[in-house]
Each structure stands twice: as C-alpha cells, then as structure tokens.
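Novice: Have a look at the structure that comes next, please.
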Amino acid sequence: MALARARRVRGIDYWPGFVDALSTLVLGIIFMLTVFVVVQFFLSQEVTGKDTALSRLNAQIEQLTQLLSLEKTGKFDLEEQVAQLRATLSTAQGERDKYRGLYEGGGGAASAQGKITDLNNQIEAEKGVSTRALAQVEVLNQQIAALRRQLGALEEALEASEKRGTEAQGRIADLGQKLNVALAQRVQELSRYRSDFFGRLRTVLGNRPDVLVVGDRFVFPSEVFFDSGQAVLRTDGKAELDQIAAAVIDLEKQIPSEIGWVLRVDGHTDMRPIASSQFKSNWELSTARAISVVQYLIGKGVSPARLAAAGFGEFQPLVLDKTDEANARNRRIELKLTER
C-alpha cells in the first residue's frame, strides 16, 4: 500500500536536491582550498627557512663590514705613525749630518762626537720602531684582504639565496595553479562517472515510479528494502540491491584508483517517534538500515573502501508535513556518489 501511495505522489520537490548539489560543490571547493593551504604551508616553511638564512647572511655581512672598517682605521693610524716616524728619522739624520760636519771641521769635536753617537742610537731605535710598524701594516693588509674575500663570498651566497627564494615563490605559484587545475579535473571526472553511474542505475531499475532522482541522489522508499520499524532487508529489496551492487562493481573498474570516491548510503525516517525495544530512536533505526544496505553490498563484492553508511533519523525531511503521504516520502534510503 505504501508503494501505491508513492506512485500517486508524482510531484517532485527539487529544492532539497539543489541544496544537496550545492552542498557537494561547497564541500569540493573546501577540499580544494584545504589541499592548497597545506601545500602553501609547506612551501611557505621552505621560503621562511630561506628568509632566515638570508637574515643571517646579512648580519654576517654587516659584522664583516664593521670589522673591515675597523681594520682600515687601524691601518690608517699605523700609516700615520709610520709617516711620523719617518719624519722624525729624517730630522735625526739631518741633525746627525750637521754634527758630523762640525766634528769633521774640528770645532767642538768631543761634543759633536757625543751628539752624533746619541743621534745614531736614536736613528737605530726609530728604524726599529718603523720596521715593526711596517710589519703591523703588512699584517693588517693581509687581514683586510681576507675580510674582503669573506665579504665577497657572503655577497655571492646572499645573491644565490635571493635567487632561490625567488624561484621558490615561482614554484609556489606554479604548484598552486597546477593543483587547482588537477582538482578541477578530478571534480569533472567524478561528475562524469556519477552521470554514467546514474544512467546505469536508471537502466537496471527500469525507471521505477517510486524511485526518484533528487539532485545527485537516488531516493528509494524505505518500504522497498525494509518492513516498518525494521532494519532487516526484505527478499525483494535484496533483488534490487543485487542490481545496484553489479553497477557499483562496474563503476569501480572504470574510475581511476587515484580518484577518491565513495557510494554513501543514507538512512532517513519520518518524524514520528519510534516505539521499539530494538531501536531507542529514529537515528538508530536510520543508521541500522544504512549499515544493512552497506553490508549486503559488501557481501556482493563491492569494496568496503568505496562504501559509507550514514543515518539522519527524522532530521533531514523532504517534506515538512505530518500527513501519511509526507511520512512515506520522508522514510527513505538515498544513494549518493560523492568525494571521499
């Protein structure tokens, strides 16, 4: 009698199907954004690491630049000191030559000789200081040359790191574009297989008037598979599931393994509270019915990895009325091919 009532109710409410299709699209977009964010996160970590390395290189270059400035300042001071020593040495040599002339001329020979000796000693001392200063200048020149080589190497490393950072940013943009294209292709491929699957189900079910297509779902009255308040499959319901199982097995062979998909079996009840010792709520009844369908499909060879069972109780009605006809429409099993 329930089937007869279902045949009389030929009006189809397309709004729930539209909402469900829109929800599937939103979930697909969320999935694509999630994967893109994950990829962006790992690539950003790589770029952040490069930025840290660049900061360290810049700090080292700054330190070397300061050291080089200090070394140049020290060299300049030493060069001034050497120049002063050379000037003093030149003055001492002039004094020595003056007194040597006096000594050789015979005037104040003893005094001139002593003065010459003192000047010679002073000249030798000045030469020693000048030699040490020149040695320090040479050491500073070598240190400055070494610092310049290190600075050049760091600048080359900095340029290479900046180039790698630019290349990494380019790879991020390229990967993001490729990811969007790949995800869009996967969604299109699954949509195509969903259409093929629905076409196959329409064929095997023979366009039954009590089986509706709402959006992207096949909707079966619960009475096709179960007696009232029960979750045990009826014999005629098993015959219907045999055809569905064959269609799903064919679908498994056609869809590439890299596409993640499942056939979701949703159980729904009407809004009347259940009075049963076996089930405490409509939620438990709807879930048990979905699980019974899934277990039967598995027994017919469908891969468990391609199946999912969900129970919604009375909380997703197709019709909000509480009439017998509305209750009959709300008691249903839905099959939906969706992303995993």
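The values are calculated or read from the model by the stated rules, or taken from the named source; none is laboratory data. Because the structure is a prediction, the values reported are computed rather than measured. No Cβ is skipped: glycine too gets one built from the backbone with ideal geometry, and neighbour counts run over all protein chains shown. Accessible surface is based on the protein model in full, side chains and every heavy atom, while ligands, DNA and RNA are left aside. Shrake-Rupley method; radii C 1.70, N 1.55, O 1.52, S 1.80 Å.
Novice: Based on this model, can you work out whether E104 counts as at pLDDT 70 or above and assigned to a helix (DSSP H, G or I)?
Specialist: So E104 fails the test.
Novice: Given the conditions (1) surrounded by fewer than 19 Cβ atoms within 10 Å (Cβ to Cβ); (2) assigned to a strand (DSSP E or B), report the number of the one that E252 does not fulfil.
Specialist: Only one criterion in (1) surrounded by fewer than 19 Cβ atoms within 10 Å (Cβ to Cβ); (2) assigned to a strand (DSSP E or B) is unmet by E252, namely (2).
Novice: Which residue pairs have Cβ atoms closer than 9 Å, lie 6 or more positions apart in sequence or on different chains, and pair a first residue in region 264-280 that is under 30 Å from A305 (Cα atoms) with a second residue that is open to solvent by 100 Å² or more (accessible area, probe 1.4 Å) and of a type in the set (K, R)?
Specialist: Final answer for the pair search is D270/K322.
Novice: For region 219-239, give me each residue that is open to solvent by 30 Å² or more (accessible area, probe 1.4 Å) and in contact (Cβ under 8 Å) with a residue 24 or more places away in the chain.
Specialist: Once the filter is applied, which keeps residues that are open to solvent by 30 Å² or more (accessible area, probe 1.4 Å) and in contact (Cβ under 8 Å) with a residue 24 or more places away in the chain, region 219-239 yields E223, V232, K238.
Novice: What number goes with the only condition from (1) farther than 15 Å from G229 by Cβ; (2) crowded, with 19+ Cβ neighbours inside 10 Å; (3) not aromatic (F, W, Y) that G301 does not pass?
Specialist: (2)
Novice: Right, something else. Determine if region 274-297 includes at least one residue that is within 20 Å of F198 (Cα to Cα), open to solvent by less than 20 Å² (accessible area, probe 1.4 Å), of a type in the set (S, T, Y) and in contact with a Ser or Thr (Cβ under 7 Å, 6 or more places away or on another chain).
Specialist: No, region 274-297 contains no residue that is within 20 Å of F198 (Cα to Cα), open to solvent by less than 20 Å² (accessible area, probe 1.4 Å), of a type in the set (S, T, Y) and in contact with a Ser or Thr (Cβ under 7 Å, 6 or more places away or on another chain).
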